[in-house]
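The values are calculated or read from the model by the stated rules, or taken from the named source; none is laboratory data. Quantities reported herein were computed from a predicted structural model and do not represent experimental measurements. Please note: Cβ atoms are built from the backbone with ideal geometry, for glycine as well, and neighbour counts cover all protein chains shown. Protein only, heavy atoms only, side chains kept; ligands, DNA and RNA dropped before computing areas. Shrake-Rupley method; radii C 1.70, N 1.55, O 1.52, S 1.80 Å.
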Amino acid sequence: MERLQKVIAHAGVASRRKAEELIKQGKVTVNGKVVTELGLKVSSKDYIEVNGIKIEQEEPVYFLLYKPRGVISAVSDDKNRKTVLDFFPEINKRIYPVGRLDYDTSGLLLLTNDGGFANLLTHPKYEIDKTYIAKVKGIPSREDLKKLQKGVRLEDGLTRPAKVKFLSGDRKKNSAIIEITIHEGRNRQVRRMFEQIGYPVLKLKRESFAFLTLHGLTAGEYRPLTPHEVKQLIALAKSGPSF
């Protein structure tokens, strides 16, 4: 379910603000009834007209992208940097990222035109597990990693407990590879968590999102999600965090 003004804007009829004005002016009908109050939520099954013309709602689509480093997780960029939409030249629907990965972070990113789906997977109440592989400067001790497991204090509050696994260390290069799983979505959270315990991230990759992985994809490639995967994600998000 989406707010009516958002559906109208998403269909390309008008901006969301203009759509709100059209609703207030009584120029929008839903299933034959005039709607003048904002806040009504509609589905793809509802028949919506603006000024007597039926709007065409896009069929929802869902994609899994292996985002390379050096790419913006946005639909456009004022600095003309490459965005994730550049990997979907043949897709004519208005898709956008579900959450984001930093410019310098690679890995699994979902894209869709389904606002309800995107909101469910990014809302703090429903955050689901995301696993990252981090190459950090220095070799963290077991005690250091326990801090991440328990939660560390950042400028925007204490992080929730994380799953952390030491994968390998290189004494000569003074670096280590750490696997970390979180179910929050704060800005640059993994990088900030490692910085907080004194081990700056040199390289970061999101390996999985819930049960989804990058299996079979190389950087810059994508695939559609199956209907079963979409249903699984929705059910998983609604069931709450796993730890």
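General remarks:
- Selection from the range 59-82 of residues that are among the hydroxyl-bearing types (Ser, Thr, Tyr) and surrounded by 15 or more Cβ atoms within 10 Å (Cβ to Cβ): Tyr62, Tyr66, Ser73
- Residues that are open to solvent by 10 Å² or more (accessible area, probe 1.4 Å) and of a type in the set (Ser, Thr, Tyr) within the range 137-174 comprise Ser141, Ser168, listed in sequence order.
- Spans of strands (runs of 3 or more DSSP E) in the range 125-243 with at least 1 residues in contact with a Leu (Cβ under 6 Å, 6 or more places away or on another chain) and in contact (Cβ under 8 Å) with a residue 60 or more places away in the chain: 130-137, 201-209, 222-224
- Here Gly115 clears all of (1) open to solvent by 10 Å² or more (accessible area, probe 1.4 Å); (2) modelled with pLDDT under 95 except the condition numbered (1).
- Residues of the range 1-12 satisfying the condition of being open to solvent by less than 70 Å² (accessible area, probe 1.4 Å) and not in a helix (DSSP H, G or I): Glu2, Ala11, Gly12
- Only one entry of Leu85, Leu101, Leu109 meets the criterion of being crowded, with 20+ Cβ neighbours inside 10 Å, assigned to a loop (DSSP other than H, G, I, E, B) and not acidic (Asp, Glu), and that entry is Leu101.
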